[in-house]
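S.K.: Below are the structure tokens for one structure; questions will follow.
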2 protein chains.
Amino acid sequence: MDLRPIGVFDSGLGGLTVVKEIKRLLPNESIVYLGDTARVPYGTRSKKTVTEFSLQNIRFLLKKKVKCIVIACNTSSALAYTRIKVETSVPTFDVIGPGVRAALSNGLVKRIGVIGTRATIGSHAYKKAIHKGSSKASILEVACPLFVPLIEEGELKGQLIEYTVDKYLKPFIQMKIDILILGCTHYPLIKSQLLKKLKKIRIVDSGKTAAKELSIYLEKNKIVSSKNKKPRDEFFVTDLTDRFIKVAEMFLEESLQGKIKKVDIN
Amino acid sequence: MDLRPIGVFDSGLGGLTVVKEIKRLLPNESIVYLGDTARVPYGTRSKKTVTEFSLQNIRFLLKKKVKCIVIACNTSSALAYTRIKVETSVPTFDVIGPGVRAALSNGLVKRIGVIGTRATIGSHAYKKAIHKGSSKASILEVACPLFVPLIEEGELKGQLIEYTVDKYLKPFIQMKIDILILGCTHYPLIKSQLLKKLKKIRIVDSGKTAAKELSIYLEKNKIVSSKNKKPRDEFFVTDLTDRFIKVAEMFLEESLQGKIKKVDIN
């Protein structure tokens, strides 16, 4: 048993889709969430900058005495995980490894599509990880830089998101993919739009699979929290506006009024 | 005569539309440009954060011994100009004042539309400035948060930008505005799309009018650069990727390969 909280960070608020899944699977765990809203998005920035920002997030969470850290951001996972692993004194979990393992889980050769930010796709982190697990898989990675701003603006249905989905998914339809990996923690919010276009395709939500691997790890290592302890979640952001609270509530699907604190991590 | 360069900063690269205009009006001036690409966009962030970032930009430009500073960012102008003016030892120019003066220049009572980022519009900086100049003007301000990501993605024509323009401009058509102020230095790139929708409307480009006021100020105060001196421009960013170079070239309309340097201003 380990009563310490689980640390989770993201460039912004998309990582709350991962928090929602952790809370569903591990209802007794306390969470400390950090969203770097003063510098979101990471998906357009360089490896050097994303690594620097990610390490600052890690240092903040370590001060909060977390028992482990989930990198609930695909861009950080893709660009900074190697550095984070070396420099972090508690176990760390990325979202890319679990997403890839879930995609390859039934052992068949597959045509796999991956969507993500420009930085995640540009790093080919998914392609490399998939090829390690299955040399025969065909992989197509497509950067979808407009999905994050559209989702953050609440454009979850209607013409704008439909046109954008059409634009980005066209090559996957031509390739006849079997599986699409959502390589960004914002994307679960437009899953129904993606499915409308890519009928009968299996969609792998990288954040959801990361939460699942985390729960298995905690159980196996007997470091889950006590069933008798009421969890106490803390939400921190590096910049706070009314808009951020609304967007956060959209991702987490619960009220956060008065529950989010602004911190300086710089 | 003053041979020192003109400092210009923006949250990112949109401010290069202002640089282009300064270089057209003042071809002998040297420019030091700073784009805070590690933390772009500012338009979604709080006043406190935008002010802090803006003052860091100012301090960087002052170290470069500039003779004056142009805030080529409407969000910074709207949220941080009062603080910047107090804390800066050289003359500073915002983009909002010049935009408003140009809109009101012919002295008639008008129906004025303003478009900008969420932060610029939320501050009502334009509304307040217009009301100071003309108490009778009717003003409608609309936040257009998707324009910046669309422009940065090069979506300058086609269905996506057309749908977004339709969505945001609808209230202006109903109100029958006479003038539309572009309250963001990115927007000149979609001017033709806006005109397609708002026929016969006068469009005021706030960045362009700021460049004009700057040139008048330099002439009047006899601090223009020598006509015999070849200008030497310097471009700095806080994060550098190949993509940023491409976007910068789109705004400035000249090649910047090898000319942009990454700096740490934090």
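Values quoted throughout were computed directly from the atomic coordinates according to the rules given, and no laboratory measurement underlies them. What you see is a predicted model, and the numbers here were worked out from it, not measured in a lab. Heads up, the Cβs are rebuilt from the backbone with ideal geometry, glycines too, and the neighbour counts pull from every protein chain shown.
S.K.: What is the set of long-range amide H partners of A:Thr92 at a cut-off below 5 Å, with H atoms built 1.01 Å from backbone N?
M.R.: Here the answer is A:Ile69, since their amide H atoms fall under 5 Å of that of A:Thr92.
S.K.: On alpha-carbon atoms, Rg over Rh for region B:22-144 using Kirkwood Rh?
M.R.: Values: Rg = 15.4 Å, Rh = 15.5 Å.
Answer for region B:22-144: 0.99.
S.K.: Less than 9 Å Cβ to Cβ from A:Leu146, Lys/Arg counted +1 and Asp/Glu -1: what total charge do the surrounding residues give? Please list the in-between numbers first.
M.R.: Working: positive: A:Lys167; negative: B:Glu153, B:Glu155.
Taking every other residue near A:Leu146 into account, the sum is -1.
S.K.: Per-residue mean of other chain beta-carbon atoms within 10 angstrom of the beta-carbon, peptide B:237-246?
M.R.: Values: counts 0, 2, 9, 4, 9, 2, 8, 3, 0, 0.
Average per residue, whole number: 4.
S.K.: A follow-up question, please. Whose amide H sits under 5 Å from the amide H of A:Ile139, counting only residues 5 or more places off or on another chain, with H placed in the peptide plane?
M.R.: Long-range HN contacts for A:Ile139: A:Ile112.
S.K.: Another question about this same structure. ³J(HN,Hα) across region B:194-207 via Karplus (A = 6.51, B = -1.76, C = 1.60, θ = phi - 60°), whole Hz, x for Gly/Pro?
M.R.: 5, 5, 4, 7, 9, 5, 6, 8, 7, 9, 9, 8, 4, x
S.K.: Take the Cα coordinates of region A:97-207, assign each an equal point scatterer, and use the Debye formula without solvent to give log10 I(q)/I(0) at q = 0.11, 0.12, 0.23 Å⁻¹.
M.R.: For the requested q values the scattering log ratios are -0.31, -0.37, -1.35.
S.K.: Residues with amide H under 5 Å of A:Glu153's amide H, sequence separation 5 or more or different chain, H placed in the peptide plane at 1.01 Å from N; which?
M.R.: none
S.K.: Tally Lys and Arg at +1 and Asp and Glu at -1 over the other residues with C-beta under 10 Å from the C-beta of A:Val109: what net charge comes out?
M.R.: On the way: positive: A:Lys110, A:Arg111, A:Lys136; negative: A:Asp178.
Result for the local shell: +2.
S.K.: So, one more: Once each part is reduced to its C-alpha centroid, what is the distance from region B:127-187 to region A:171-241 in angstrom?
M.R.: Centre-to-centre distance over Cα atoms comes out at 36 Å.
S.K.: How many angstrom separate the Cα center of region A:1-28 from the Cα center of region B:18-60?
M.R.: 37
S.K.: Just order B:62-70, A:202-210, B:170-178 by mean Cβ neighbour count inside 10 Å, highest at the front, would you?
M.R.: Result, highest mean Cβ count within 10 Å first: A:202-210, B:62-70, B:170-178.
S.K.: Still on this structure, I have one more. Whole number please: convex hull volume per residue, Cα atoms of the protein assembly as shown, in Å³. All intermediate terms of the calculation are to be shown ahead of the outcome.
M.R.: Details: hull volume 82.5 nm³, N = 532.
Measuring per residue, one finds 155 Å³ for the Cα hull of the protein assembly as shown.
S.K.: Taking other Cβ within 10 Å of each residue's Cβ, how do A:Ile6, B:Ile223 sort, fewest first? Don't skip to the answer; put the middle values down first.
M.R.: On the way: A:Ile6 29, B:Ile223 16.
The order, fewest Cβ neighbours first, is B:Ile223, A:Ile6.
S.K.: Still on this structure, please answer the following. To the nearest 0.05, what FRET efficiency results for A:His124 and B:Lys132 with a Förster distance of 35 Å applied to their C-beta separation? List each step's numbers first, then the result.
M.R.: Values: r = 54 Å, r/R0 = 1.54.
With R0 = 35 Å, the Cβ-Cβ based efficiency is 0.05.
S.K.: Local charge sum around B:Tyr42 (other residues, Cβ-Cβ under 13 Å, Lys/Arg +1, Asp/Glu -1)? Kindly include the intermediate steps, with their values, before the conclusion.
M.R.: Working: positive: A:Arg39, B:Arg39, B:Arg45, B:Lys47, B:Lys48, B:Arg118; negative: A:Asp239, B:Asp10, B:Asp36, B:Glu52.
Net of charged neighbours comes to +2.
S.K.: Residue by residue through region B:30-47, what is 3J(HN,Hα) from phi via Karplus (6.51 cos²θ - 1.76 cosθ + 1.60, θ = phi - 60°)? Round to whole Hz and write x for glycine and proline.
M.R.: Here the 3J(HN,Hα) series is 8, 10, 10, 9, 10, x, 7, 5, 6, 10, 5, x, 8, x, 9, 9, 7, 4 Hz.
S.K.: I need the per residue convex hull volume for chain B, using only the alpha carbons, in cubic angstrom as a whole number.
M.R.: Working: hull volume 32.4 nm³, N = 266.
That works out to 122 Å³ per residue.
S.K.: Among B:Val32, A:Val95, B:Val86, what is the fewest-to-most ranking by other Cβ atoms within 10 Å?
M.R.: Details: B:Val32 22, A:Val95 33, B:Val86 8.
In order of increasing Cβ crowding within 10 Å: B:Val86, B:Val32, A:Val95.
S.K.: Another one. From the helices alone, meaning DSSP H stretches of at least four residues, give me the mean residue ellipticity at 222 nm for chain A, per-run term -39500 (n - 2.57), in deg cm²/dmol to the nearest 500. Walk me through the numbers on the way to the answer.
M.R.: Numbers: 11 runs with 120 residues, N = 266.
Taken over chain A, the calculation gives -13500 deg cm²/dmol.
S.K.: Tabulate in residue order the Karplus-calculated ³J(HN,Hα) for region B:241-249, using 6.51 cos²θ - 1.76 cosθ + 1.60 with θ = phi - 60°, rounded to whole Hz; enter x for Gly and Pro.
M.R.: 10, 4, 4, 4, 4, 4, 5, 4, 5
S.K.: Which residues among region B:127-152 fall inside the zone where the amide N is under 18 Å from a point 7 Å beyond the Cα of B:Ser105, along Cα→Cβ?
M.R.: The answer is B:130, B:133-134.
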